[in-house]
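Inspection log for the structure reproduced underneath, given as structure tokens.
The values are calculated or read from the model by the stated rules, or taken from the named source; none is laboratory data. No experiment lies behind these values; they were computed from the predicted model shown. Here the Cβ is made from the backbone with ideal geometry for all residues, glycine too, and neighbour counts use every protein chain on show.
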Amino acid sequence: MQKYPEVYSLEESLAILDKYKDRLNEEQYNAIKSVVCGHAIEDIYANEGDIILLVRKSIYNLSADEILKEYREKGIMEI
């Protein structure tokens with residue numbers, strides 16, 4: 001299981017999101033940015049793993065359950 005480093009600021013989270021900006025249309029990017037900023041209000045910052053999950057969810061129009069199922073099957077999640 002790949003472990004992504006912790007992130008300690010909104011700026012770090014948004015810099016990670018910007019790495020994936022070219023894969024998203026403007027609506028998808030803004031929706032993910034809104035989620036990241038909303039969590040940051042509570043001092044919860046998205047690391048690269050979190051961003052990848054949000055990007056995949058948006059690009060492939062997957063539900064959270066579908067992503068969790070896939071991650072379990074690949075051994076990425078232990079839940």
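Annotation note: Cβ proximity below 7 Å between a residue of region 25-54 that is at negative phi and surrounded by fewer than 17 Cβ atoms within 10 Å (Cβ to Cβ) and a residue that is assigned to a helix (DSSP H, G or I) and small (Gly, Ala, Ser) (sequence gap 6+ or interchain) occurs for 31/58. Which one is modelled with the lowest pLDDT among residues in region 49-79 that are closer than 14 Å to residue 12 by Cα and touching a Ser or Thr at 6+ places or on another chain (Cβ under 9 Å)? Applying the filter and picking the extreme gives 50. The number of residues in region 1-24 being without any contact (Cβ under 8 Å) to a residue 60 or more places away in the chain, aliphatic (A, V, I, L, M) and either outside any loop (DSSP other than H, G, I, E, B) or surrounded by fewer than 17 Cβ atoms within 10 Å (Cβ to Cβ) (or both) comes to 5.
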